Amino acid sequence: MLAYAAPRPGREANRPKLLMAIIAGHVLAIGAVMLAKSEIATRIDRPTVIIDIPPIADPLPIPEPRPRTDPRPSHSTTTQPQVPIPTFDNHQIDVGPVPLGPADLGSEALPPRPPFVPPHEVIRHGAQIATAEGRLRPPYPEVKQMLGEEATLTLKLSIDATGRVTAVEPIGSADRAFLDSARRHLLNVWRFTPATEDGKPVPSTKVITLHFKLGEA
């Protein structure tokens, strides 16, 4: 019986180690708890920083717009009436007449094109002298013949549709005595075949030169 009451040497030897392990575990647990409390206290003990934020000022009031007054007088006193244009589905409709083109009318509806007629060219013929050559020379002024003076006259003749000379005007300088003799003779004696346009007689003008020479008087 005494043999069974005696403790086993293996178990008695392990008890101090187990007890030390338990004590070490409690010490570690207590240390962890204390460390956690210290961190919490440190976080709680930090001072709170307060920043003063100034109040937001009221925004300035927006002034009401004043009615615009134009000191300049208006140039237009009347306004053109606005003619409304009918619309359909927000699209303007052209109510004016639409001209039809050749494609709409067809080739049969078009009038025949007139043949090309070239512009008419008027055929003109100038007046031609019809007086006999022996009656063309005007009489030599007696005063100029006695003085031995000669002259050359350039004259513009106005001829009517019948061929008669209606006016004689000098071109340039002309002696009065020679001019009067030539004018009387041309108005009374000279006749022309009148000028024509497309075969019709028309008035015309003609420039001639007369020579008064003593040897031919």
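Can you list residue pairs whose Cβ atoms sit under 8 Å apart, with the first residue in segment 117-133 being β-branched (Val, Ile, Thr) and the second being in a loop (DSSP other than H, G, I, E, B)? Count only pairs 6 or more apart in sequence or on different chains.
Hits for this filter: VAL122/ASP198; ILE123/ASP198; ILE123/GLY199; ILE129/LEU136; ILE129/TRP190; THR131/VAL189; THR131/TRP190.
Can you go through ILE123, ILE159 and tell me which one is within 20 Å of LEU187 (Cα to Cα) and under 58 Å from the mean Cα position of the chain (by Cα)?
Criteria check complete, one pass: ILE159.
How many residues, within segment 178-217, are out of contact with any strand residue (DSSP E or B) (no Cβ under 6 Å at 6 or more places or on another chain) and either closer than 30 Å to HIS120 by Cβ or in a loop (DSSP other than H, G, I, E, B) (or both)?
8
If you check GLY134 against the conditions, is it exposed (fewer than 11 other Cβ atoms within 10 Å of the Cβ) and part of a helix (DSSP H, G or I)?
Yes: the conditions hold for GLY134.
Which of (1) more than 60 Å from the chain's Cα centre (by Cα); (2) exposed (fewer than 14 other Cβ atoms within 10 Å of the Cβ) is the odd one out, the single condition GLU149 does not satisfy?
(2)
Considering only residues that are touching a residue at least 24 places away in the same chain (Cβ under 8 Å) and either within 17 Å of ARG135 (Cα to Cα) or part of a loop (DSSP other than H, G, I, E, B) (or both), which ones fall in segment 158-177?
ASP160, ALA161, THR162, GLY163, ARG164, VAL165, ILE171, ASP175
Please list, ordered by first then second residue, the pairs with beta carbon atoms under 7 Å, 6 or more apart or interchain, first in segment 185-212 and closer than 20 Å to ASP175 by Cβ, second of a type in the set (Lys, Arg) and in a strand (DSSP E or B).
VAL207/LYS156
Here, each number is a calculation from the coordinates, and none is a lab measurement. Computed from a predicted structure; not experimentally measured. Counting neighbours? That spans all protein chains shown, and the Cβs are built from the backbone with ideal geometry, glycine included.
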